[in-house]
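Taking it in order: structure first as structure tokens, then the write-up.
The values are calculated or read from the model by the stated rules, or taken from the named source; none is laboratory data. The structure displayed is predicted, hence computed values, not measured ones. Quick reminder, even Gly has a Cβ in these numbers, built from the backbone with ideal geometry, and neighbours come from all protein chains shown.
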């Protein structure tokens, strides 16, 4: 009896402590809102940030200073939410803010202006200092790893101001248009608005197409089989990506990555790349570097961070036995999982100097046998369905 009463007393005590903790959290959130702070990241909300900007413009005008307003937008936050959940998205945004704090000065101001947008007020910073700061921040963010998320791709629009500028609305408009140009150019980059308030006006379609085509030509010139093989993988990969319900932006990333997934082979010696027979263990080690080389090449191009990530992991196996990082399951980017299966299918059904091609039926049996091991079972099923519907002429149903 005494034991039962003691247990009830302990439960009551824990319940009271839990309720008190919940009340403290609610009070802290309410206090943060009263102070104009975002509850997730604790940075200024838009209203409080605007007040800081107005004050800074007045100070700049009085003292003949200069500064910059930077608008930042996380590229494709909706894809993060869909692929990893809202909790992972919140973790990513919190990590982003910590990186912004670490990469700016104490006197600079950080605000959250939307679900996926942030703003920086860089005090007493000219064009050179601002450009260096923003470039460093974007690089730091691309290098971050937050749970299952490798790298945060962010676009930035910059509006510089001097003692002559006193209109905060115009500054937001100018930096907003520069941000739009950064996103139009593929994201993952910064655009500094010119003196007349215009951004660079880069066409996304032209920029991305030209970069992909130039790299594809370089790959074809380096090794004709590899280049033609990559072109053949594209249609399969796009069809599978669409059937799995990926967004239009993700499908385009898969398209580019499928075409360029072997771009790292430009860094492999000819003696290994063109060897007619099987590779030795040492040669295989050298060849296994090509996904990492490919990632380095693609990360040097603005807006290609998601494509670079897919290319790095296109030899990761679903069971974790692949390379270069030994990722497994959903840790592997979906684009990488798609390209691995499509790449393997095309290789199996192609003649090589040291073996004859498999029939389509034999390749399908091998894909199914390795599903859950080397290949993602859902991707394998979608690839087989892609060929079934292609050959039957029936429209392919997309996943919901």
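The conditions of being in contact with a helix residue (DSSP H, G or I) (Cβ under 9 Å, 6 or more places away or on another chain), outside the structural domain of residue 344 (by TED's automatic domain parsing) and modelled with pLDDT under 85 are met by residue 184.
Report yes if some residue within region 318-326 is in contact with a strand residue (DSSP E or B) (Cβ under 8 Å, 6 or more places away or on another chain) and either over 21 Å from residue 256 (Cβ atoms) or free of Cβ contacts under 8 Å to residues at least 24 places away in the same chain (or both); otherwise report no.
Our first condition is that a residue be in contact with a strand residue (DSSP E or B) (Cβ under 8 Å, 6 or more places away or on another chain); within region 318-326, this holds for 318.
Filter once more, keeping what is either over 21 Å from residue 256 (Cβ atoms) or free of Cβ contacts under 8 Å to residues at least 24 places away in the same chain (or both): 318.
Among the residues of region 318-326, at least one is in contact with a strand residue (DSSP E or B) (Cβ under 8 Å, 6 or more places away or on another chain) and either over 21 Å from residue 256 (Cβ atoms) or free of Cβ contacts under 8 Å to residues at least 24 places away in the same chain (or both), which makes the answer yes.
Among 266, 292, which is over 21 Å from the mean Cα position of the chain (by Cα) and in a helix (DSSP H, G or I)?
Working: 292 fails: over 21 Å from the mean Cα position of the chain (by Cα).
It is 266.
Please state which one of 96, 71, 100, 65 is assigned by TED's automatic domain parsing to the domain that holds residue 183, more than 28 Å from residue 252 (Cα to Cα), surrounded by 13 or more Cβ atoms within 10 Å (Cβ to Cβ) and at pLDDT 95 or above. Quick ask: steps written out before the conclusion?
On the way: 96 fails: more than 28 Å from residue 252 (Cα to Cα); 71 fails: more than 28 Å from residue 252 (Cα to Cα); 65 fails: at pLDDT 95 or above.
The conditions single out 100.
Residue 131 passes all but one of (1) closer than 15 Å to residue 159 by Cβ; (2) out of contact with any strand residue (DSSP E or B) (no Cβ under 8 Å at 6 or more places or on another chain); which number fails? Exception for residue 131: condition (2).
Among the residues of region 133-172, what is the count of those that are part of a helix (DSSP H, G or I) and touching a residue at least 24 places away in the same chain (Cβ under 8 Å)?
In the first step, residues of region 133-172 are kept if they are part of a helix (DSSP H, G or I); the result is 133-142, 168-172.
From the residues that got through so far, the ones that are touching a residue at least 24 places away in the same chain (Cβ under 8 Å) too are 133-138, 140-142, 168, 170-172.
Number of matching residues: 13.
Just one residue in the set 240, 286, 234 is closer than 26 Å to residue 376 by Cβ and either at pLDDT 90 or above or not in a helix (DSSP H, G or I) (or both); that residue is 240.
For the criterion of being assigned by TED's automatic domain parsing to the domain that holds residue 192, part of a loop (DSSP other than H, G, I, E, B), closer than 19 Å to residue 193 by Cα and touching a residue at least 12 places away in the same chain (Cβ under 8 Å), residue 125 passes. Would you confirm, using the coordinates I've provided, whether residue 179 is closer than 20 Å to residue 77 by Cα, in contact with a strand residue (DSSP E or B) (Cβ under 9 Å, 6 or more places away or on another chain) and either without any contact (Cβ under 8 Å) to a residue 60 or more places away in the chain or not assigned by TED's automatic domain parsing to the domain that holds residue 60 (or both)? No. Regarding residue 101, is this residue under 18 Å from residue 56 (Cα atoms), out of contact with any helix residue (DSSP H, G or I) (no Cβ under 6 Å at 6 or more places or on another chain) and free of Cβ contacts under 8 Å to residues at least 24 places away in the same chain? Spelling it out, it is not the case that residue 101 is under 18 Å from residue 56 (Cα atoms), out of contact with any helix residue (DSSP H, G or I) (no Cβ under 6 Å at 6 or more places or on another chain) and free of Cβ contacts under 8 Å to residues at least 24 places away in the same chain.
Among the residues of region 103-114, those identified as in contact with a strand residue (DSSP E or B) (Cβ under 9 Å, 6 or more places away or on another chain) and either surrounded by fewer than 17 Cβ atoms within 10 Å (Cβ to Cβ) or assigned to a helix (DSSP H, G or I) (or both) are 105, 107, 114.
Here is a yes/no grid of residues against (1) part of a helix (DSSP H, G or I); (2) loosely packed, with under 15 Cβ neighbours inside 10 Å; (3) in the same structural domain as residue 144 (by TED's automatic domain parsing):
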{"residue": "309", "(1), (2), (3)": "yes, no, no"}
{"residue": "317", "(1), (2), (3)": "no, no, no"}
{"residue": "321", "(1), (2), (3)": "no, yes, no"}
{"residue": "324", "(1), (2), (3)": "no, no, no"}
{"residue": "339", "(1), (2), (3)": "yes, no, no"}
{"residue": "345", "(1), (2), (3)": "yes, no, no"}
{"residue": "350", "(1), (2), (3)": "no, no, no"}
{"residue": "357", "(1), (2), (3)": "no, yes, no"}
